[in-house]
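Undergrad: Below is the structure I would like to discuss, written out as C-alpha cells.
The values are calculated or read from the model by the stated rules, or taken from the named source; none is laboratory data. If you're wondering where the values come from, they're calculated on a predicted model, not measured in any experiment. No Cβ is skipped: glycine too gets one built from the backbone with ideal geometry, and neighbour counts run over all protein chains shown. Each accessible area value is taken on the protein alone, full model and side chains, heavy atoms only, with ligands, DNA and RNA left out. Shrake-Rupley method; radii C 1.70, N 1.55, O 1.52, S 1.80 Å.
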Amino acid sequence: MAFLLAGSAAAQTAAPSVTVAATRDPVDKSYRKMLAGMDIFERNHALAQQATLRFQLLPRLPTTQLDGITLRVAGDIVSLPVPVAADHTFTLERNAKAQQEDAALIASRKTSTLTWRAQVRSTNVPDGMRRLGDLRLECLVGVEAGLLSNNAQVFAWLGELFTSPDRVCNSPEGNYLFFAERPVFAITLQDGNRRATLPLRALYAGGTQTPATLPYCDCQVLLDRSYYAPIWDRSWSDDTLLAFDDMDSPPGPGDTAVAADHATTAQMRARLGPAQTINFDSGYQIWRYTYPPAHNGERPAEFTILFGPDGVARKARLREPTLESGPKP
C-alpha cells in the first residue's frame, strides 16, 4: 500500500479567487487535522531547522487540471479563501471560528482527482536533491494532517496503521511514498563518506503496482516519480542527501555501459532471459535482473536497465551485493 509525496520550490503568486460550492465531499480535508499537522511541524522542527511548511496539491488522475484551482475553508457559517500559488502549494491561517465549526478544506476540483501532501524544504539543499530530515518531517505532518487519500473504505480495516505518524514514519513497513520532481531512474544516498543506491523495491511504489491496484494508490499517474526513503532508519542522519538520476538525463558516472548486442529489449531477453518489468504510461520500461549472492548473508546483486518507448536501452545500473546484517538503505 503506497503513499506519495512531491515537492518543488514554492512560488508565492496566488491564483485568482472564485466561488467554490460548499457541499462537503467525504475526502475533503479536515481543517482541524491540518492544524494538527502544523502543530507537529512546530514540535519536530529540529528535523529541519532551516525549513518552512507548505501544503501541495498533486494530480491523481490523467485528466486532472491543477492550474486555476482554488481552495477555501468552509464551515457551517465561516468561509475563508485560501490562496494557491502557481506551483499548486498553499499555507493555512489559523482561525478559531473555523476550528470550532470543524470546517473542511474544499477544492474547486473533485477531490477524488487530487492528492494532498506536506512540503518541507530546507533552504541549504542543493538543486536536484532532497534532505532526509525534511522528508522525515513531511511524513509526520502528512500523516497527522490526514493527507493520505487512499480509498477510505478499502483501507479502513487497517485503522491506526495509516493514522499514527509514529507507525507510518518510524517503521520500515510504513511505506510512505514520496515523489521526485521528474521521472526517476536511480536514487543515491549521501551521508558524509557513506553512500548507497536505493534498490528497485524502493522505487515505483515497490514495483508491485498493477492496473487493478493503481486506482487505490496516490501514485496512480505519478508512478515513475515515486520512491520510498529510509526515513525510519536512524543510521542515516537528518543531513543525508538524496541525489536523483532522472530517466531523461544522459548516463552518468554511476551507470553501467550497455553492450551493443544487449541494446534492445529483444536482444536483452535473448541473452539474459525474462526480467522483472515495470511499464510506464510514457512508454518507458524498467527491467530488473538479480544475481545470487556470492556469500551467505548478502542480498543479491541487481542489474537495472531503462528502455525507451522505442525498445532501446537508455542506461543501466549495477547495484552490488549488500550485507543483510548491515544498515538498510
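Undergrad: Sort T63, T213 from largest to smallest accessible area, using a 1.4 Å probe on the heavy atoms of the protein chains.
TA: Output order, biggest surface exposure first: T63, T213.
Undergrad: Can you pull the one-decimal nm distance between simple spin-label points at E173 and S108, each 7 Å off the Cα toward Cβ?
TA: Label at E173, label at S108, 4.4 nm between them.
Undergrad: Within 9 Å, Cβ to Cβ, of L241, how many net charges do the neighbouring residues add up to if Lys/Arg are +1 and Asp/Glu are -1?
TA: 0
Undergrad: Taking the Cα centroid of region 86-146 and of region 199-265, what is the distance between the two, rounded to the nearest whole Å?
TA: 23
Undergrad: With a cut-off of at most 13 other beta carbons within 10 Å, and DSSP calling the residue loop, which trypsin sites (Lys or Arg not before Pro) in region 67-97 qualify? Please list them.
TA: Filter output for region 67-97: R94.
Undergrad: Could I ask something else about it? Taking K and R as +1 and D and E as -1, what net charge do the other residues with C-beta under 12 Å from the C-beta of T63 add up to?
TA: Around T63, the surrounding residues sum to +3.
Undergrad: Oh, and also: So what does I231 come to for accessible area, using a 1.4 Å probe and Å² rounded to 10?
TA: 10
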